[in-house]
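Working notes, beginning with the structure itself.
The values are calculated or read from the model by the stated rules, or taken from the named source; none is laboratory data. Since the structure is predicted, the reported quantities are computational estimates derived from the model, not experimental observations. Here the Cβ positions follow ideal geometry from the backbone for every residue, glycine too, while neighbour counts run over all protein chains shown. Accessible surface is based on the protein model in full, side chains and every heavy atom, while ligands, DNA and RNA are left aside. Shrake-Rupley method; radii C 1.70, N 1.55, O 1.52, S 1.80 Å.
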Amino acid sequence: MKYNFEVEEKVRVGFIGCGGHSFRNIYPAFQYAPIDLVAVCDLDPERARAYARQFGALRWYTDHREMLEKEEDLDAVFIVTGYDPEGRPQYPRLAADAMRAGCHAWIEKPPASRVAEVEEMMGVSRETGRFVMVGFKKCFYPAIERTKEIVSRGEFGRPASIYVRYPLSLPPEEQRRDQGRMRGFLDHIVHPASILQYLMGKIERVYFE
């Protein structure tokens, strides 16, 4: 594995979001990726300034649209933000803004609260020629990659069933239309779902008890 400073050609990126998850898990990974962190953005100016200093960004902003307008030579934008007051992910709007500014977008999960929002992002991707990628990282864990290699062998045969254990909790049934109360479930169900799809193919139907 190479370190960031050993790579000659780097991807120039901006980063929207200066929260705890990104501090612990995303920004530090740039030490091992071909990333040139040009600018960071957060609604809290103190956080934006601190993250720029901590992780070596040249500039910081409190408005992502200003960053996208002024940093014209960005190749991509990482977006790691929280939820809006209704409990919905903010990625569809932010990713669309990044793609329309000429940048590819990497977003955290869950990518949206409704299928229509995902379809809208896909439409902007086709319109702009820029892609948006969701951080479904757990399906690429070494153990899952090894499992994929094994079940893909001809001698293994076609997988017929799979059992995945991933404990999650749901609020009471009468509260399940409340996006805020469903946030924890939606934030984590993407991990087993992405593993199932990666190993077994496209999911056609879902049942639950």
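Out of the residues in the stretch 42-54 that are of a type in the set (Asp, Glu) and part of a loop (DSSP other than H, G, I, E, B), which is surrounded by the most Cβ atoms within 10 Å (Cβ to Cβ)?
The extreme case among them is ASP42.
Run down ALA33, ALA39, ALA57 and say which single residue is over 26 Å from GLY129 (Cα atoms), open to solvent by less than 60 Å² (accessible area, probe 1.4 Å), free of Cβ contacts under 8 Å to residues at least 60 places away in the same chain and of a type in the set (Gly, Ala, Ser).
Of ALA33, ALA39, ALA57, the one residue that is over 26 Å from GLY129 (Cα atoms), open to solvent by less than 60 Å² (accessible area, probe 1.4 Å), free of Cβ contacts under 8 Å to residues at least 60 places away in the same chain and of a type in the set (Gly, Ala, Ser) is ALA57.
Would you please name the residue that is most open to solvent (accessible area, probe 1.4 Å), looking only at residues in the stretch 119-161 that are basic (Lys, Arg) and within 17 Å of ALA193 (Cβ to Cβ)? Please lay out each step first, then the result.
In the first step, residues of the stretch 119-161 are kept if they are basic (Lys, Arg); the result is 126, 130, 137-138, 146, 148, 153, 158.
Right, trim to within 17 Å of ALA193 (Cβ to Cβ) and you get 137-138, 148.
Details: LYS137: 78, LYS138: 54, LYS148: 60 Å².
This residue is LYS137.
What residue, among those in the stretch 1-24 that are within 18 Å of GLN90 (Cβ to Cβ) and out of contact with any helix residue (DSSP H, G or I) (no Cβ under 9 Å at 6 or more places or on another chain), is most open to solvent (accessible area, probe 1.4 Å)?
HIS21
Out of LEU168, LEU199, which single residue is open to solvent by 50 Å² or more (accessible area, probe 1.4 Å) and of a type in the set (A, V, I, L, M, F, W, C)? Write out each step before concluding.
Working: LEU199 fails: open to solvent by 50 Å² or more (accessible area, probe 1.4 Å).
It is LEU168.
Within the stretch 64-89, track down each residue that is open to solvent by 50 Å² or more (accessible area, probe 1.4 Å) and either in a strand (DSSP E or B) or under 24 Å from THR128 (Cβ atoms) (or both).
ARG65, GLU66, GLU69, LYS70, GLU72, ASP73, ASP75, TYR83, ARG88
Take the residues of the stretch 90-116 that are among the hydrophobic types (A, V, I, L, M, F, W, C), over 13 Å from the mean Cα position of the chain (by Cα) and not in a helix (DSSP H, G or I): which is nearest to GLY129 (Cα to Cα)?
Ranking the qualifying residues of the stretch 90-116, first place goes to CYS103.
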